[in-house]
1. Take the conditions within 30 Å of Tyr279 (Cα to Cα) and touching a helix residue (DSSP H, G or I) at 6+ places or on another chain (Cβ under 6 Å) and apply them to Asn173. Does it pass?
2. Got at least one residue in the range 402-418 being surrounded by 17 or more Cβ atoms within 10 Å (Cβ to Cβ), over 30 Å from Phe358 (Cα atoms) and modelled with pLDDT of 85 or more?
3. If I filter the range 266-276 down to residues being assigned to a loop (DSSP other than H, G, I, E, B) and hydrophobic (A, V, I, L, M, F, W, C), which single residue comes out as surrounded by the fewest Cβ atoms within 10 Å (Cβ to Cβ)?
4. Exactly one condition in (1) at pLDDT below 90; (2) small (Gly, Ala, Ser); (3) within 13 Å of Gly10 (Cα to Cα) is not met by Ala36; state its number.
5. Tell me whether the range 253-265 contains one or more residues that are under 23 Å from Gly352 (Cα atoms), of a type in the set (Gly, Ala, Ser), in contact (Cβ under 8 Å) with a residue 24 or more places away in the chain and assigned to a strand (DSSP E or B).
6. Quick check on the range 165-175. Is at least one of its residues assigned to a loop (DSSP other than H, G, I, E, B), touching a residue at least 40 places away in the same chain (Cβ under 8 Å) and not hydrophobic (A, V, I, L, M, F, W, C)?
Amino acid sequence: MDNKKVIIAGAGHGGLVAAAHLSANGFDVTVIERFAQGTLGYDWTDMFEKDCFDFCGIELPKNANYVKVPESVFVSPNKKTKIKTEVLSPITNVNMDRSAIYDSLIGFALEKGVKFEYETKIISPIVENNRVTGIFVEKNGKKETRKADLIIDAAGAFSPVRSLLPSNLMIENEFDNTQVFETFRAFYERDMTVTPPDTDWNVYFFHLDKPGISWYECREEYCDVLIGRFNKFGEQDIKQVIDDFKNEHPELTDKIIRGGQFAFIPVRRAVGKMVADGYAAVGDSAAMTVALIGSGIANSMIAGKMLADVVIENNGKTDVKTLWKYNVRYFKEINADICSLDKLREMLCTLGTDNLNFLLNKGVVKGEDITAAIKEGGIKLGIKDLIEKATKGISDIPLLLKVMKTLNEGEKLSKIALSIPEEYDENKVKMWLSEYNC
């Protein structure tokens, strides 16, 4: 494989995993990243599933530690209803800094012989005869070309590679503003003289009547605040959220001790077709996050390993028919289980706070429903469940019917994801995409 060149466009988590495994198997791999060395990763601490590191053959960062996952509490917009539910497993999760994850992945890639080119801005793809053959970059103020047998797009939700691919490649170029959260997250100093009323992970739907979510968690060292919205927001909006949280959580102060950064996170179903001749998308570039929630590092890392395995198993072939096997594997093993949540996102975007309050306050949506949605990728209802929800929602039949329709569409979407054509045939893939993207 010594003559096979691979470029990773952007140092995303999945791209770094793919880079390391391809380089270890004889490919000439270069990661091109716009930011400077040592500056990658938000100043955030998160919980991650240990299994994804095991799957990728990567050791956990040294500062990773197992944590007890707090109770998850979902709060209605009017705060009249708080639903407790267990979302994450307390056994397989570890707590670690995002910068530590990057240090671990970059160290793993360097160990395998991957080269890095920092402070290089990616401008657009190079496409010749319907094949992606490279990328245009800007280096030291000059436009340059970088050619390769395979471009792995790990450049994020607004990737300049994916967004400028020609339409005949059938890869979605843009995500609309209801499919991406603008997210602010910061860790605030905790007033240690105040006993917190709870240490739950509180998730607020349509907080302060704004489409999106906010969360609050009191930890031993700090108070964790996240705001995710479909629309742009600024400092005044953040202040309103903090002031509102202070009313319920008096231990919260105004002083930011870590974080304080904005990020754009896809909260939609994965891109249907994520490969072309000489091209494969991974991570946020392919929207590999969990819809509504935005968590996606584990999915991205696993997908990076899947992609590398497909290329290696097929002797370095990078045509669309070969790379489609990666597309299929990701859909069958991961995306089919979580894509139905995207139908809930679509519904919530049009629901409004009054309707959401009704569903939560009346008990039409319960803790086990939210658990099923997040852990299993959808809400599964039997006849008894339907009768119970119909009884509780009888005063608003049109809304109940809308919810039932959404749940049916979510289940249908999962089945469509599983029905992805096993072999690449352009006409069959085009027909399948028309169903999946509906």
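The values are calculated or read from the model by the stated rules, or taken from the named source; none is laboratory data. Given the structure is predicted, the values throughout are model-derived calculations rather than measurements. Here the Cβ positions follow ideal geometry from the backbone for every residue, glycine too, while neighbour counts run over all protein chains shown.
1. Values: within 30 Å of Tyr279 (Cα to Cα): yes; touching a helix residue (DSSP H, G or I) at 6+ places or on another chain (Cβ under 6 Å): yes.
The answer is yes for Asn173.
2. Yes, some residue in the range 402-418 is surrounded by 17 or more Cβ atoms within 10 Å (Cβ to Cβ), over 30 Å from Phe358 (Cα atoms) and modelled with pLDDT of 85 or more.
3. Looking only at the range 266-276, we keep the residues that are assigned to a loop (DSSP other than H, G, I, E, B), and these are 267-274.
Filter once more, keeping what is hydrophobic (A, V, I, L, M, F, W, C): 267, 270-271, 274.
On the way: Val267: 27, Ala270: 26, Val271: 23, Met274: 27.
My answer is Val271.
4. (1)
5. no
6. Looking only at the range 165-175, we keep the residues that are assigned to a loop (DSSP other than H, G, I, E, B), and these are 165-166, 170-175.
If we keep only those that are touching a residue at least 40 places away in the same chain (Cβ under 8 Å) too, we end up with 165, 170-172, 175.
Next, only the ones that are not hydrophobic (A, V, I, L, M, F, W, C) stay: 172.
Yes, the conditions are met somewhere in the range 165-175.
Conditions tested, residue by residue: (1) within 19 Å of Gly260 (Cα to Cα); (2) of a type in the set (Ser, Thr, Tyr); (3) part of a loop (DSSP other than H, G, I, E, B).
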site	(1), (2), (3)
Thr145	no, yes, no
Ile151	no, no, no
Glu217	yes, no, no
Gly228	yes, no, no
